[in-house]
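Since the structure comes first, as structure tokens, the remarks are kept for the end.
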Amino acid sequence: MRSMSRGLVSFCLSAALLSTVMPDRGGSVAFAHEGHDHPPRKVESAEHYKPTPLPDRIVLTWTGDPTTTQAVSWRTSTEVKKAMAEIAVAEAGPSFAKNGKSVEAVTQPLKTDINEAHFHTVEFKGLTPATRYAYRVGDGVNWSEWFQFSTASSAPEAFSFVYFGDAQNDIRSMWSRVIREAYRDAPKAKFLLHAGDLINRAESDAEWGEWFGAGHWLNAMVPSVAVPGNHEQAKSESGERRLSHHWRPQFAFPTNGPKGLEEACYTMTYQNMRIIALDSNRELAVQRDWLDKVLAENQSEWVVCTFHHPVYSTGKDRDNKELRETWKPVFDKYKVDLVLQGHDHTYGRTGLDTPLITTGNVPAGVSRVDGKTGTVYVVSVSGPKMYDLQKQPVMRRTAEDTQLYQIISIDGPTLRYEARTAVGELYDAFTLKKTGRGQVNEMIEQVPTSPERHRAESSTGS
């Protein structure tokens, strides 16, 4: 009786399956379920990036000392009126959560092109240096998962960070692989540095959603340091260019720059490195005077400056003459170690012998002191948008049509730089060694033997 039942069930299932298929014109079998011949529905941006009560776009940044503070920002729907974060010293077991301390968030609304949302920021203060912490964000009912971060050490300790040129276009589909490959190579990096043009349209919430989605949980565990590019600029009602309305709600950076440039021009120290972030879109002379003051008072062993528009352009028919004439004399004066830039969607890197005096993008009337200025300038690109290369005599290594990320490691008086392609291949490298305070560094070139990546025939970039 039991075997007959099995046979009947098998027969019925087979009959049902056969009734749902039929041969196509070529003789192969095709399913004929009603509704399956319709194309898939496209998920529109307003639906895809709709905020909910659950926290998303979680990102770590700093507004204060990385040894004792940590900022975190996130987004929710406007239903969440009051938000908070919980933090505890991380432990090997799950009981750490019982010791969580609650910190109330500062909340601000943002109306975007496709939605309205609340952005929340918490600054954790009074932390212990060189300590691993766990935290989560939410509203007391709806929480994120627990994430972890480590405070900077107050004692000398080797560290590394990752630098990205423009992400900008096709971020979800084409840039996500770059930030994730960088994490594979540098999983212990202390922060991620973005040299502007994180997105293409300043006020596109969908593009910002792509950027946060590409980094996803990595943004919540490794702090970001970023400067605005020209694509983070939008037009005001008066027609003037202004910083994106998204910038300040979603990132918490220091407000110690010139008035009116808060969180776009700022400085901070990470162990023995001074980071100086500049906004190359506006107020160049104001920032020059501020930069001179910051460098005159600097006590850090290493100085890294970052901004968007290059001192020496690598993009064809591009030149930022006003920027170079305004800021480069200050870099020369204080022998800034490293300048990290974007904008030109190609790769180029100088040595230490860039000219002290230039009249154009290509050096002319060169005057040097011992043949060296002390500063290495880098232009790089991490996203898929590519331009034609304009080779410069000062460039030691260049590339076209290549997505890259850079890993920079500092160990006391030694800085190691590596540029890697989107598939992890070493493309460029050098080491800087300190020779004395105020002196030009020793530079050891470590360029791989692989040929430079250049187009066989260049076409005009856009």
Pick from the range 413-428 the residues that are under 13 Å from ASP185 (Cβ atoms) and not charged (D, E, K, R): which of them is surrounded by the most Cβ atoms within 10 Å (Cβ to Cβ)?
ALA419
When the residues of the range 143-170 are filtered to those that are crowded, with 17+ Cβ neighbours inside 10 Å and among the hydroxyl-bearing types (Ser, Thr, Tyr), which remaining residue is farthest from ASP56 (Cα to Cα)?
SER153
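Among the candidates LEU278, LEU198, single out the residue that is touching a strand residue (DSSP E or B) at 6+ places or on another chain (Cβ under 8 Å), over 21 Å from PRO66 (Cα atoms) and crowded, with 23+ Cβ neighbours inside 10 Å.
Details: LEU278 fails: over 21 Å from PRO66 (Cα atoms).
Exactly one of LEU278, LEU198 is touching a strand residue (DSSP E or B) at 6+ places or on another chain (Cβ under 8 Å), over 21 Å from PRO66 (Cα atoms) and crowded, with 23+ Cβ neighbours inside 10 Å, namely LEU198.
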For the range 210-233, what are the residues that are crowded, with 23+ Cβ neighbours inside 10 Å and in contact with a helix residue (DSSP H, G or I) (Cβ under 7 Å, 6 or more places away or on another chain)?
GLU210, TRP211, GLY215, ASN219, PRO228, GLU232
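Considering LYS335, LYS321, which residue is among the charged types (D, E, K, R), in contact with a Ser or Thr (Cβ under 8 Å, 6 or more places away or on another chain), touching a residue at least 40 places away in the same chain (Cβ under 8 Å) and surrounded by fewer than 20 Cβ atoms within 10 Å (Cβ to Cβ)? Lay out the reasoning, then the answer.
Numbers: LYS321 fails: in contact with a Ser or Thr (Cβ under 8 Å, 6 or more places away or on another chain).
Among LYS335, LYS321, only LYS335 is among the charged types (D, E, K, R), in contact with a Ser or Thr (Cβ under 8 Å, 6 or more places away or on another chain), touching a residue at least 40 places away in the same chain (Cβ under 8 Å) and surrounded by fewer than 20 Cβ atoms within 10 Å (Cβ to Cβ).
Return yes or no: is PRO187 within 21 Å of LEU338 (Cα to Cα) and part of a loop (DSSP other than H, G, I, E, B)?
Working: within 21 Å of LEU338 (Cα to Cα): no; part of a loop (DSSP other than H, G, I, E, B): yes.
The answer is no for PRO187.
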Any hit, the range 155-170, residues being more than 27 Å from ARG184 (Cα to Cα), assigned to a loop (DSSP other than H, G, I, E, B) and among the charged types (D, E, K, R)
no
Which members of the range 95-108 meet the condition of being out of contact with any helix residue (DSSP H, G or I) (no Cβ under 6 Å at 6 or more places or on another chain) and either surrounded by 12 or more Cβ atoms within 10 Å (Cβ to Cβ) or under 16 Å from ILE58 (Cα atoms) (or both)?
PHE96, ALA97, ASN99, GLY100, LYS101, VAL103, GLU104, ALA105, VAL106, THR107
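Evaluate the following for GLU263: is it within 14 Å of VAL59 (Cβ to Cβ), modelled with pLDDT of 95 or more, in contact with a strand residue (DSSP E or B) (Cβ under 9 Å, 6 or more places away or on another chain) and among the acidic types (Asp, Glu)? I'd like the intermediate steps shown before the answer.
Numbers: within 14 Å of VAL59 (Cβ to Cβ): yes; modelled with pLDDT of 95 or more: yes; in contact with a strand residue (DSSP E or B) (Cβ under 9 Å, 6 or more places away or on another chain): yes; among the acidic types (Asp, Glu): yes.
Spelling it out, GLU263 is indeed within 14 Å of VAL59 (Cβ to Cβ), modelled with pLDDT of 95 or more, in contact with a strand residue (DSSP E or B) (Cβ under 9 Å, 6 or more places away or on another chain) and among the acidic types (Asp, Glu).
The values are calculated or read from the model by the stated rules, or taken from the named source; none is laboratory data. Remember, it's a predicted structure, so these values are computed and weren't measured experimentally. Positions of Cβ are backbone-derived with ideal geometry, glycine not excepted, and every protein chain shown enters the neighbour counts.
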